[in-house]
4 protein chains.
Amino acid sequence: MTQRALVHRISAAAPDDMSGIEAAIASGRIDPKGVVAVLAKTEGNGLVNDFSRGHATLALSLLFRRHLPPEQAARICLVMSGGTEGAMAPHWIVFERKEGGNTAGAPALAIGRAHTPALPFEHLGRLAQIDQVAAGVRAAMQDAGIDNPADVHYVQVKCPLLIAQRIGEADRRGASVATRDTLKSMGLSRAASALGVAVALGEIDRAAVSDADIGANWSLWSGRASASAGIELLNHEIVVLGMSPAWSGPLAIDHAVMDDAIDVEPVRTALRRLGLDAAGQLRPDARGRLVALLGKAEASHDGRLRGHRHTMLDDSDISSTRHARAFVCGALAGLVGHAELYVSGGAEHQGPDGGGPVALIVDRSPT
Amino acid sequence: MTQRALVHRISAAAPDDMSGIEAAIASGRIDPKGVVAVLAKTEGNGLVNDFSRGHATLALSLLFRRHLPPEQAARICLVMSGGTEGAMAPHWIVFERKEGGNTAGAPALAIGRAHTPALPFEHLGRLAQIDQVAAGVRAAMQDAGIDNPADVHYVQVKCPLLIAQRIGEADRRGASVATRDTLKSMGLSRAASALGVAVALGEIDRAAVSDADIGANWSLWSGRASASAGIELLNHEIVVLGMSPAWSGPLAIDHAVMDDAIDVEPVRTALRRLGLDAAGQLRPDARGRLVALLGKAEASHDGRLRGHRHTMLDDSDISSTRHARAFVCGALAGLVGHAELYVSGGAEHQGPDGGGPVALIVDRSPT
Amino acid sequence: MTQRALVHRISAAAPDDMSGIEAAIASGRIDPKGVVAVLAKTEGNGLVNDFSRGHATLALSLLFRRHLPPEQAARICLVMSGGTEGAMAPHWIVFERKEGGNTAGAPALAIGRAHTPALPFEHLGRLAQIDQVAAGVRAAMQDAGIDNPADVHYVQVKCPLLIAQRIGEADRRGASVATRDTLKSMGLSRAASALGVAVALGEIDRAAVSDADIGANWSLWSGRASASAGIELLNHEIVVLGMSPAWSGPLAIDHAVMDDAIDVEPVRTALRRLGLDAAGQLRPDARGRLVALLGKAEASHDGRLRGHRHTMLDDSDISSTRHARAFVCGALAGLVGHAELYVSGGAEHQGPDGGGPVALIVDRSPT
Amino acid sequence: MTQRALVHRISAAAPDDMSGIEAAIASGRIDPKGVVAVLAKTEGNGLVNDFSRGHATLALSLLFRRHLPPEQAARICLVMSGGTEGAMAPHWIVFERKEGGNTAGAPALAIGRAHTPALPFEHLGRLAQIDQVAAGVRAAMQDAGIDNPADVHYVQVKCPLLIAQRIGEADRRGASVATRDTLKSMGLSRAASALGVAVALGEIDRAAVSDADIGANWSLWSGRASASAGIELLNHEIVVLGMSPAWSGPLAIDHAVMDDAIDVEPVRTALRRLGLDAAGQLRPDARGRLVALLGKAEASHDGRLRGHRHTMLDDSDISSTRHARAFVCGALAGLVGHAELYVSGGAEHQGPDGGGPVALIVDRSPT
């Protein structure tokens, strides 16, 4: 007997629009008891004062509390990625896990989850956080039934951040935090989390990393990590997506790494590996088989794209993260033929400088 | 004996960076006497308070006045398109015309130019403006040696707008203007100009257009028009690009019409017609042959892209024109392999709603 | 036996920060059963994609549902005004009504409330809406025990708006709506609501108003209206604040009308009428007696302030409403000595063009 | 025989609107030969991509080159301060110096100027820059005929910044720069310049300052410094304004220090010292005597104004500098009765944290 992963991509008419998810629950397509995580693109600015994320999180929490006991609802990992620039469409991606079923389609998409212990505040942004995340990724792989790191194609880490009160707590214990700047702590936490994924997946050598590399040495990166910092947690929530022989069903996942913001050819190649022909733009039939695309975007730090200047880092009216999401989503939508894509920003050590990882989930059902 | 068109795409380090153009003049690559027009992407917001355009215009004017008699410098058509969102690279495109040369390569890219008489202010945004622009396009075609409208692939119209003082002048004559809102007058002037191009090129039937269609009936459009309103002129400056047997040299032009913001397949097909293989992304050698890409971007008025919601029209922090340029430039850059592209916004009647025309200039020289 | 109004101004650490209100309820300072309305400044952009308002509304609703039966919680009028530009402090203003008490301090601040019937969609932005709001204001005055319109100092109207579905409903009945542009319907609804207040308070002559004046003739205005459009209601919620002999207690209200964005002298005079000396800036003791300031801000339509140009209407990066709130809040905070002020934008017919009404609630308790 | 200072405040209709200055020159009110400096508020964002400043600078340079020999035109100090948020009016302030005249009105406003030697790049943001600026301020005081630092009321310093090429030059000499981040170098240069002023004026003790205080220890500040970094210079241009017995005429200057963003009482007191009664808002006659107001605005680093939270530092859509200018200009305009004020941002060590210096120039002519 195997497990089966279900992935539901559902359009959102607003950050608190639960109608699509409610309808799927009502019709039996989604069983709330099996929901492991919800990733979503919400339509705020994706930056400090983005209230679309909190609003969506509250609405989702209320929804799951209507259907589940509180402690079970609280266990669902909610990752809200703000910023739907360009024509990117706001949407929910609901990850569900079902027991039972035959082995047809194995190996198939597997979902694993882990929660780390609480991170001592003075470990944030340091090697100790890398180690804790790496251990968590290994636990989530085990939960997913994935032995080989090469079978992991996407790791979502939700990580803590520092606020004044937490810094104070560390101070009182005589411990010294990595930064007293709360905004910077978000970047450092994402950076250490991504490097933790890279260590767990064997993409970089743990022995070669020092504290000083975290958030600074962009030559170190994971091609499969996606990290996001949240004020509401003190530990890490980790979701691993990969291929496992212990899972069955029509879904499969693969990934590509874009070397820069328009490096779409590796994504085209990955689509082909998954059975989707993308000689030009994906045609409607193949497009329908692409269940979800999860990517990262950022402005290259040297202010250049293939030798030409970009102005994203010099724009004091629009954050570079917003520019980058719009632009990279355009490049990817030009390839796959629609823009209901999960493209998020803030890509410290998540793919090479100016580029980023792209995970693809497809439905292999016979037509 | 034929004529020959030269097109120089030159990177800009700032809105007033003339170093690249000056170097090309110093080395003899550009002869200022032959310059017909300069189109440029500058790095402002492309909206009302975009001072990067005025700054670039002043810098270009000073440059040409250093090399040409004032009246000759004043004749050069300067079209500054603000807004280099995403990774779009600021650049100059200098269009030059050279007499002489043999007929090798004919038909080839031809450049024609016309200036219309001053537009009475009460004609702006009305059928009379359409007629005046249509006549101007025909004159520019004649100047370019193009007989068949099908050989025209890009028409740039710089058109006037209304300001309080001009409205007052019309008032004193007892004439009634189409709008008293100066910002709206820009849109109406672009709209009538684009329809004037469509009439001249036979894309729409003049008899079927009424005043009420201008800026309202988006089913009427030109697949080759690009219009831009400027406060500094009272008439229209028109530049026509097309293929003519009376012109020779390695350059050729063609165009495509995108039906929506990610409809890149017609552009791929046009690249193929021009001899550039774009099975995937253009490779470096083919990329080097693409001299210039001139396109239009806008948010679709129904708030949808292929059935999914976009949020561009609801964003009160970033104008939809800025979102659209970033996104469409991403889609086109994903196809052609770089982002030094001329993608401009404000596309009334310039391509279908949410889509837009794309002109491509390539160098056919043997390698 | 009289009634007594309580007004609680409570700082907000975030749009969903209920801790201050919860603490006031826990300590008995606020009795949820008496709460009539909550007005709040939340920290979004105050425009279309301001999710701070919806987030605050949801959090407040959940709070009151924890303390009250659902239908009672639903009756509380929640008016979220987005936009805390400059140093304006996000805060809640909770209006509470208490039965009983002696007549000491009468006349005193009185609070009245009314709900109008649902507004037929084709009435929105037309004379019929003015009439319905005027009737509602009269009903709220009666509820407050205020006979003389001169005793009314602030009227908050929450009014409906049009969306596609509502326009369709009117269409099916063969009724014609005032506008098919949903954003414009917000402005028209606020405009008609403000004029309804002006009619009820005798500030303008109903017979002299025509449909064409609504949202167009800025010479018509109320010095006491504050209107806000919300998608969640189909009728009007009206809250009237004024002075009534039937109410007692230490609170009093008065108002001033600013003729332009820096016309603070009428506010100074109103403060004096209320017993607060504001020769210069209010000193800490007097400042402590100012319970709430409720004002309106907007950019003057002629682009001028006292003869000098302002650039608010030409700024395509920041909405003029955001500029105006920051600037006017600065002028008022310079007068009263702090910036936890309720300054809202979107002031159609609410005060003269470029100016606005300012209501002041003070505590007259002996010290 | 004495000298006389003239100060011309002239409205600007656009960043390149020279019509007002040209008219003043044509009518003889301004003699270009005597112009020492032009300070201006231009309508860009005041941040990295503010092209309104460069555009204004180019237009002013062309103007003065039409009236003066190039080397004389080049000597005029041009300080463009971007950002006219709220209702702040764009304007030019032309400072002119005239020889001759009797001693009536002495002491009067005096203008002194100095240029320092080029700053070695490795000195930028360090004690050596403080010392160089302090020496320059002393030279400018001597040029102005001011002996007593207490008679100095405003010091404008235009200072250099680092760019990649300059960092490279220092690297090649084996010298280490204070920062490799070019944006940060602007802040450090302004910070060291302000501290240089404070040292020259005896506001702080040079011996107590270390490199680590620069751009970090906000308890050190000048109440009279205004610093602005410009890419176009390698040294410092310093303009000192104060009172000197060697100068005559109707103009006088004084200053105040605002302790926070709404601390207008010290400004009111300074106006009184200058003979302008500001019990409430300045009345039109007194307002006409206020020739210029030069102030600084910034968001307080603790996110608070008099105990209430402000959201300026958490706003990822609008820079805190823009919020602060709009708000502080509102507070000052509420006091002086108009908004054609020079309020600039970026106030490192220029006034206390969250506050800033305000200089006032008045005309004492009998009426």
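The values are calculated or read from the model by the stated rules, or taken from the named source; none is laboratory data. Keep in mind the model is a prediction, meaning the values are calculated, not measured. Every residue, glycine among them, receives a Cβ derived from its backbone with ideal geometry; neighbour counts consider all protein chains shown. Side chains are part of the model used for accessible areas, which takes the heavy atoms of the whole protein and leaves out ligands, DNA and RNA. Shrake-Rupley method; radii C 1.70, N 1.55, O 1.52, S 1.80 Å.
Among the residues of the range D:282-292, is there at least one that is buried (at least 23 other Cβ atoms within 10 Å of the Cβ) and either facing chain C (nearest Cβ under 8 Å) or part of a loop (DSSP other than H, G, I, E, B) (or both)?
Checked the range D:282-292: no residue is buried (at least 23 other Cβ atoms within 10 Å of the Cβ) and either facing chain C (nearest Cβ under 8 Å) or part of a loop (DSSP other than H, G, I, E, B) (or both).
Is there any pair linking a residue in the range D:1-21 that is within 30 Å of D:Ala104 (Cβ to Cβ) to one that is part of a helix (DSSP H, G or I), with Cβ under 7 Å and at least six apart or on different chains, and which?
Matching pairs, first to second residue: D:His8/D:Ala24; D:Ile10/D:Gly20; D:Ile10/D:Ile21; D:Ile10/D:Ala24; D:Ser11/D:Gly20; D:Ile21/D:Leu63.
If you scan the range A:4-31, which residues turn out to be surrounded by 23 or more Cβ atoms within 10 Å (Cβ to Cβ) and not small (Gly, Ala, Ser)?
Scanning the range A:4-31 gives A:Arg4, A:Pro15, A:Ile21.
Can you say whether D:Val343 is under 22 Å from D:Val79 (Cβ atoms), in contact with a Cys (Cβ under 6 Å, 6 or more places away or on another chain) and crowded, with 23+ Cβ neighbours inside 10 Å, as far as the supplied structure shows?
yes
If the Cβ limit is 7 Å and pairs must be 6+ apart or interchain, which residue in the range A:141-159 that is of a type in the set (Ser, Thr, Tyr) pairs with which residue that is at pLDDT 95 or above and open to solvent by 10 Å² or more (accessible area, probe 1.4 Å)?
A:Tyr154/A:Arg224; A:Tyr154/A:His255
Quick check on the range B:78-102: of everything there that is outside any loop (DSSP other than H, G, I, E, B), away from every other protein chain (no Cβ under 13 Å) and open to solvent by 10 Å² or more (accessible area, probe 1.4 Å), which residue is farthest from A:Ala297 (Cα to Cα)?
Out of the qualifying residues, it is B:Glu99.
Using beta carbons and a limit of 8 Å, which pairs, at least six apart or on different chains, have the first residue in the range A:343-362 and farther than 13 Å from A:Gln156 by Cα and the second one of a type in the set (S, T, N, Q) and open to solvent by less than 10 Å² (accessible area, probe 1.4 Å)?
These pairs meet every condition: A:His349/A:Ser222; A:Gly351/A:Ser222; A:Gly356/A:Gln350.
Among the numbered criteria (1) more than 16 Å from the chain's Cα centre (by Cα); (2) farther than 30 Å from A:Ala87 by Cα; (3) surrounded by fewer than 18 Cβ atoms within 10 Å (Cβ to Cβ); (4) not hydroxyl-bearing (Ser, Thr, Tyr), which one does B:Leu127 miss?
(3)
Which of the residues spanning the range A:124-136 are within 25 Å of A:Arg172 (Cβ to Cβ), part of a helix (DSSP H, G or I) and out of contact with any Asp or Glu (no Cβ under 9 Å at 6 or more places or on another chain)?
A:Gln129, A:Asp131, A:Gln132
Report, by residue number, each residue of the range C:89-127 that is among the polar types (S, T, N, Q) and either out of contact with any strand residue (DSSP E or B) (no Cβ under 6 Å at 6 or more places or on another chain) or modelled with pLDDT of 95 or more (or both).
Selection gives C:Asn102, C:Thr116.
Quick test for you: out of B:Ser316, B:Ser300, pick the one residue that is in contact with a Ser or Thr (Cβ under 9 Å, 6 or more places away or on another chain) and of a type in the set (S, T, N, Q).
So the residue among B:Ser316, B:Ser300 that is in contact with a Ser or Thr (Cβ under 9 Å, 6 or more places away or on another chain) and of a type in the set (S, T, N, Q) is B:Ser316.
Do you know which residues across the range C:295-320 are touching a Leu at 6+ places or on another chain (Cβ under 7 Å) and under 19 Å from C:Ser344 (Cβ atoms)?
C:Gly295, C:Ala299, C:Ser319, C:Ser320
Which residues, taken from the range C:49-77, are more than 20 Å from A:Gly83 (Cα to Cα), surrounded by 19 or more Cβ atoms within 10 Å (Cβ to Cβ) and among the polar types (S, T, N, Q)?
C:Thr57
When the range C:340-350 is examined, which residues are found to be assigned to a loop (DSSP other than H, G, I, E, B), more than 7 Å from every other protein chain (Cβ to nearest Cβ) and modelled with pLDDT of 95 or more?
Scanning the range C:340-350 gives C:Leu341, C:His349.
What are the residues in the range B:223-232 that are farther than 25 Å from B:Asp259 by Cα and either open to solvent by 10 Å² or more (accessible area, probe 1.4 Å) or in contact with a helix residue (DSSP H, G or I) (Cβ under 7 Å, 6 or more places away or on another chain) (or both), if any?
B:Ile231, B:Glu232
Scan the range B:103-116 residue by residue and report those that are touching a Phe, Trp or Tyr at 6+ places or on another chain (Cβ under 8 Å), of a type outside the set (Gly, Ala, Ser) and part of a strand (DSSP E or B).
Those that are touching a Phe, Trp or Tyr at 6+ places or on another chain (Cβ under 8 Å), of a type outside the set (Gly, Ala, Ser) and part of a strand (DSSP E or B): B:Leu109, B:Ile111.
Quick one: in the range D:297-320, which of the residues that are in a helix (DSSP H, G or I) and in contact with a His (Cβ under 8 Å, 6 or more places away or on another chain) is nearest to the other protein chains (Cβ to nearest Cβ)?
The selected residue is D:Met312.
Inside the range B:22-49, can you point out the residues that are within 14 Å of another protein chain (Cβ to nearest Cβ) and more than 17 Å from B:Lys158 (Cα to Cα)?
B:Glu43, B:Gly44, B:Asn45, B:Asn49
For every residue, the table says whether it meets (1) under 28 Å from D:Ala40 (Cα atoms); (2) in a helix (DSSP H, G or I); (3) touching a Lys or Arg at 6+ places or on another chain (Cβ under 6 Å); (4) modelled with pLDDT under 95.
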position: D:Val157; (1), (2), (3), (4): yes, no, no, no
position: D:Val197; (1), (2), (3), (4): yes, yes, no, no
position: D:Ser226; (1), (2), (3), (4): yes, no, no, no
position: D:Leu233; (1), (2), (3), (4): yes, no, no, yes
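Looking at the range C:49-68, which of its residues are part of a loop (DSSP other than H, G, I, E, B) and of a type in the set (A, V, I, L, M)?
Scanning the range C:49-68 gives a single hit, C:Leu68.
Find the residue count for the range C:192-234, including only residues that are touching a strand residue (DSSP E or B) at 6+ places or on another chain (Cβ under 6 Å) and more than 18 Å from C:His255 (Cβ to Cβ).
2
Can you give me the number of residues within the range B:32-48 that are assigned to a helix (DSSP H, G or I) and either in contact with a strand residue (DSSP E or B) (Cβ under 6 Å, 6 or more places away or on another chain) or open to solvent by less than 20 Å² (accessible area, probe 1.4 Å) (or both)?
The qualifying residues number 2.
Conditions (1) away from every other protein chain (no Cβ under 14 Å); (2) part of a helix (DSSP H, G or I), marked per residue:
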{"site": "C:Arg322", "(1), (2)": "no, yes"}
{"site": "C:Cys329", "(1), (2)": "no, yes"}
{"site": "C:Gly334", "(1), (2)": "no, yes"}
{"site": "C:His338", "(1), (2)": "no, no"}
{"site": "C:Pro352", "(1), (2)": "yes, no"}
{"site": "C:Pro357", "(1), (2)": "yes, no"}
{"site": "C:Leu360", "(1), (2)": "yes, no"}
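Looking at the range C:291-314, is at least one residue over 22 Å from D:Ala261 (Cα atoms), without any contact (Cβ under 8 Å) to a residue 60 or more places away in the chain and among the acidic types (Asp, Glu)?
yes
Condition first: open to solvent by less than 10 Å² (accessible area, probe 1.4 Å) and either over 23 Å from C:Ala324 (Cα atoms) or under 13 Å from the mean Cα position of the chain (by Cα) (or both). Now tell me which residues in the range C:234-269 satisfy that.
Those that are open to solvent by less than 10 Å² (accessible area, probe 1.4 Å) and either over 23 Å from C:Ala324 (Cα atoms) or under 13 Å from the mean Cα position of the chain (by Cα) (or both): C:His236, C:Ile238, C:Val239, C:Val240, C:Leu241, C:Gly242, C:Ser244, C:Trp247, C:Ser248, C:Gly249, C:Ala252, C:Ile253.
So for the range B:286-306 (the condition being hydroxyl-bearing (Ser, Thr, Tyr) and within 30 Å of B:Ala140 (Cα to Cα)), does at least one residue qualify?
The answer is no; no qualifying residue exists.
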